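Some notes on the structure that comes next.
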Amino acid sequence: MDQTESPGQAEKILEREGKHIDAFVAERRGRPASPAEAIAAVEDVFNLRRRYFGATGEHFGLLELEGIRLIDALDERLLRGIRELLKAFVEAHPRRIPDLKLLGMLADKMAAGSRPMPQYPIAFMVLFTIRSHFERFQEIVTAKPDEVPELEHALVHHLLGVADRYVQTRERPVMRHFSDVAREYSVVSRLKCPCGEEKYEVKTQSLCQRSDGSPYDRLDLQCRACGARRSIAFDLPHFKDMYQV
Ligand SMILES: [Zn+2]
């Protein structure tokens, strides 16, 4: 089972980079005084991605299991940080509700420019969406220069909605379990065989139990090109949700 190729190193990077994200967010949280400043703060947090991609790439292949797991974990941390920043801003300005017509228009225009999100998205998909929304937003404000402050206000609420939907899939009972399962397939679909083949085939998936009773999924994979086999374990910490509904 090649679940932990270099556990010590991966954990060190996760801890260090995770702390960096959290500290960065904590320092900026509550500071933005306007929607424009809140958007700028989100972009600053977003740019931390470069740093942990660099740190991860020094030790792990970005298409190898440890690299994928590490980036996914840090992407989730980043996305939660973005949500926290936006939430703090919106809660500090409770009387400022955005114009709903404008918010609807913005959501429609944003959706037109991006792919629909799967039911249980992985954090990087949501981050791509946020990135593409920033780009779309630039086009929209260029066409409507008089409405920039109102549009920025609507964007903050729109982005908070995007981040909130993701966090719900990771925290709500049952949803969080299905989200864990969706992520297994996402990890496998990005995994590359050392022979150069882009994709593994999932031969079997089995629900297993460790000696302490904790459940995990075991995926047995085979490379279509060279025939190499490998097995990956995915923890299912929320499996018990399935029996509590
Ligand atoms: Zn291969």
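The values are calculated or read from the model by the stated rules, or taken from the named source; none is laboratory data. Just so it is clear, the structure is predicted and the values come from calculations on it, not from any experiment. Here Cβ is always computed from backbone atoms with ideal geometry, including for glycine, and neighbour counts include all displayed protein chains.
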Q) If the Cβ limit is 9 Å and pairs must be 6+ apart or interchain, which residue in the range 81-97 that is free of Cβ contacts under 8 Å to residues at least 60 places away in the same chain and farther than 16 Å from LYS19 by Cα pairs with which residue that is in a loop (DSSP other than H, G, I, E, B) and not charged (D, E, K, R)? A) ALA88/GLY30; ALA88/PRO32
Q) Would you call LEU151 at pLDDT 90 or above, under 15 Å from the mean Cα position of the chain (by Cα) and assigned by TED's automatic domain parsing to the domain that holds ALA41? A) no
(Q) Just to be sure I understand the filter: pairs with C-beta atoms under 7 Å, separated by 6 or more residues or on different chains, first member in the range 191-206 and in contact (Cβ under 8 Å) with a residue 60 or more places away in the chain, second member near the ligand (Cβ under 10 Å from one of its atoms) and assigned to a loop (DSSP other than H, G, I, E, B). Which pairs pass? (A) LYS192/GLU198
Q: Within the range 202-210, identify whether any single residue is over 19 Å from ASP75 (Cβ atoms) and either within 16 Å of the ligand (Cβ to nearest atom) or part of a helix (DSSP H, G or I) (or both), and answer yes or no.
A: yes
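Quick grid of which residues meet (1) outside any helix (DSSP H, G or I); (2) charged (D, E, K, R); (3) surrounded by fewer than 20 Cβ atoms within 10 Å (Cβ to Cβ); (4) not assigned by TED's automatic domain parsing to the domain that holds GLU139:
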residue	(1), (2), (3), (4)
ALA26	no, no, yes, no
ALA38	no, no, no, no
ARG49	no, yes, yes, no
TYR52	no, no, no, no
ALA73	no, no, yes, no
ILE82	no, no, no, no
MET110	no, no, no, no
